[in-house]
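The structure appears below as C-alpha cells.
A short reminder: the numbers here are calculations on the coordinates, not readings from a lab. Fair warning: this is a prediction, and the values are worked out from it, not measured in the lab. Quick reminder, even Gly has a Cβ in these numbers, built from the backbone with ideal geometry, and neighbours come from all protein chains shown.
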Amino acid sequence: MQPSVPASRRAVHPRRPAWPALPGLVAACLLALPGAALGGDLRARVLDQNGRPLADAVVAARALKPAGAAPRDEVVEQIDQEFVPHVKSVLAGSRVHFPNRDKVQHQVYSFSLAKRFALPLYSGTLAPPVTFDKPGIVTLGCNIHDWMVGYVYVTDTPYSGTTGKDGVTLLKGLPAGDYDVRVWQPGMTEPEDSTTRRVTLTGSGVNDAEWRIAVKPAFKVRRAPGPGRGGYR
C-alpha cells in the first residue's frame, strides 16, 4: 500500500489552455497550410473615352494558375421586347435559359461562330436551354423583332461580371494570385486584347482597378409602334 502524500506536497499541474473558437482555429490552420490563399474581391471600374461610366462592359479575370470550375445555369430574359440583361457573361459549358416575359411571342437565334442556334417561336418558358460550350462572343437576335439585340460573352474563367450604369462590377472570392484581366464592350473601337492588364491579388479585401476604353456611338434599330407606345422608341 502506497503511503499517502500530504496535500501540500502533491504536484500541481497547470490547467491546459482552452482551444480557440472554431472559426479562429480554421483561419489559423489555413494560414499555416503551405500554398493556402485567402480570397479577395476585384472591383473594376470602366469609363469611356470621355471619363463617363460605361455600362454593359464585361470584365473577365483569368488566373495564371487556373482552378477547375463547374458550369452553371444562367438566365437571359425577354422583357418589354428587349434582352435583359443586354450583355451576359457565362462560363463555357453553362446552359442559358431564355424565358419570355412578354405577351407576344419571340424567336431567339444566333448566327455567331461561337454558337449557332435557333429556338422555336414561343412565349413563356417553353423553349429549351441553350448550352454555350465554346468561348467567344455570341450576338442574340429575334426573328420577329429586329430591334432586339443582346450578347452572351462566353469565357473560360469563372471570374467575370458586367458593369452597371455606374460602370462598376465586383468580382468576388478570387484566390490570391496573379490574373490577366480584360474588358469587352459591344461598342468598343479597340481590340479586346489591348485591354488586358496584369492584376495581383495578395489576400482578402477589395482591390480596385480602372479601365478607360474608346467606344463608338450606340446604334439601335427603331422599334415598331405598338399599343401604348405612342410611336417608335
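Quick notes on this structure:
- Hits among lysines - C-alpha to C-alpha of K115 under 19 Å, sequence gap 8 or more where chains match: K88, K134
- Within a straight-line Cα-Cα reach of under 19 Å, K172 can be paired with the following aspartates and glutamates, leaving aside sequence neighbours fewer than 8 residues apart in one chain: D41, D56, D73, E74, D156, D180, D208, E210.
- For L201, neighbours were defined as the other residues whose beta-carbon sits under 15 Å from its Cβ, and their charges (Lys and Arg +1, Asp and Glu -1) total +2.
- Cα centroid separation, the range 43-99 to the range 119-180 (Å): 5 Å
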